[in-house]
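See structure below.
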Amino acid sequence: MKKTIKFLSLVPVLLLSSCKSGVKYDISKYILELEWKEDFTIYQLTDTHLGDKDDLPTHYKFMDYTYDHLDKKPDMIVVTGDLFTFASRSTAKGFFSWLDSKEVPWTVTFGNHDEQCFFSVDWLTGYLNELSNSDKSHCVFKDLQDDDVHGNANFAINLKDGSTIKEQIIVMDTNRYYFGKYFGYDYIKQNQIDWYERLVNYTKEQNGGTVVPSKLFYHIPLPEINDAWEKGSKYERIESNLTDKVNFQQKREKTCPPDYNSGFFKKITELGSTNAMFFGHDHINNFANEYEGVLFSYGVKATDRVYFDSDMLGGQTITIKNDHKVDIKQYFYSYEEVK
Ligand SMILES: [Fe+2]
């Protein structure tokens, strides 16, 4: 993380571009569907970091406690990466069974730590594809593993109101580490940006030429997170179960986006579909700011694994309103409460 973007600016972009070879699938193959409901509510968990050496029953007890205290049962659950660290397949399957036990559609994307396990991210992807295809699971996930798009979780879920696409949930993989011209967190590749553009344009076409509003879920914040903090406006439509809100709208650590800006945010603003993005990665940053018409929102860390602040653990709900804006409610609890 010591190398600067100034240095990178001298490097031709082509050198940094990913050249993943693979099948170019029709963009419609990446789209799943769920039924739109008024005030569609998503429960976001992030950075669970579950591992084999953990006291897993206590983590599940804490996550159950948070879930059971939500104002209403969500319509969907999204986990925004760093699901596991030093986990085996059985630990991974255990977490997916926990998600299934809530009996609502759920999905995940991956974080930089999900490769530090006793399985590969490709195995995770394959297993999630299997769950999603099974009638016995509520998993909603699709990654085409032999495609030409970088990463292991790039897909969309259309929220259908009859034949109309009311909203689109876009899940993307912000990848893991980069060992090229700098060492640090990986960035969204050009082929992913091209994929996003194809997706937004195809969905617009399916919707009679009108852009469909979308919400984007991924793990590592984009480089513009710093502009969102410094120049963005504090999001008004956000509340908490706590009255003192001492842990609210806070930047307690340096943001950790990738060093290289591949231009994804520029494309997002150019296409005008995504108006809110939800991510994790920085465990003790908790703010939601609007910048250039797009909401940047951290999730709330869901377990006390790896580093954390004990007053910043729990989860958040994101309620998509009829006007396509979101209401966010954050829930904070402590492990002491569940012991
Ligand atoms: Fe993390």
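Points to keep in mind about this one:
- Share, in percent, of DSSP beta bridges within the range 270-310 that are antiparallel, nearest 5: 50
- The range 96-102 - phi-based ³J(HN,Hα) in whole Hz, Karplus 6.51/-1.76/1.60, Gly and Pro as x: 5, 5, 4, 4, 4, 5, 7
- The chain - percent of accessible surface contributed by carbon and sulfur, probe 1.4 Å: 50
- Here the Karplus relation 6.51 cos²θ - 1.76 cosθ + 1.60, evaluated at θ = phi - 60°, turns the backbone of the range 77-94 into coupling constants of 10, 10, 10, 9, x, 6, 5, 9, 8, 6, 10, 9, 4, 5, 5, 4, 5, x Hz, with x for every Gly and Pro.
- Per-residue packing, averaged as other Cβ atoms within 10 Å, sorts the ranges 190-197, 273-280 into the order 273-280, 190-197, beginning with the highest.
- Computed over the range 152-198, Kirkwood Rh from alpha-carbon pairs, angstrom: 12.6
- Checking the Cα-Cα distances for K24/K321; K61/K251; K102/K231 against a 30 Å cut-off, the pairs over it are K24/K321; K102/K231.
- Under Karplus coefficients 6.51, -1.76 and 1.60, residue-wise ³J(HN,Hα) of the range 207-219 in Hz, glycine/proline x: 9, x, x, 9, 4, 8, x, 9, 10, 10, 10, 7, 9
- Candidate cross-link partners of K204 among the lysines, defined by an alpha-carbon separation under 17 Å and a same-chain spacing of 8 or more, comprise K29, K160, K166, K215, K267.
- Under the criterion of Cα pairs below 8 Å and six or more residues apart, the relative contact order for the chain equals 22 percent.
- Considering only beta bridges that DSSP places wholly inside the chain, some 50 percent are antiparallel.
- On a per residue basis, the chain carries 41 Å² of accessible surface, using protein heavy atoms and a 1.4 Å probe.
- G81 long-range amide H proximity, modeled H, under 5 Å: D47, T109
- Computed over every Cα-Cα pair of the chain and binned at 10 Å starting from 0, the pair-distance distribution P(r) comes out as 5, 27, 37, 24, 6, 0 percent.
- For the range 283-339 and the range 32-111, distance of Cα centres in Å: 14
The values are calculated or read from the model by the stated rules, or taken from the named source; none is laboratory data. Quick caveat, the model's predicted, so the values are computed rather than measured. All Cβ positions, glycine included, derive from the backbone under ideal geometry; neighbour counts span all protein chains shown. When the accessible area is computed, the model is the full protein with side chains, heavy atoms only, and any ligands, DNA or RNA have been set aside. Shrake-Rupley method; radii C 1.70, N 1.55, O 1.52, S 1.80 Å.
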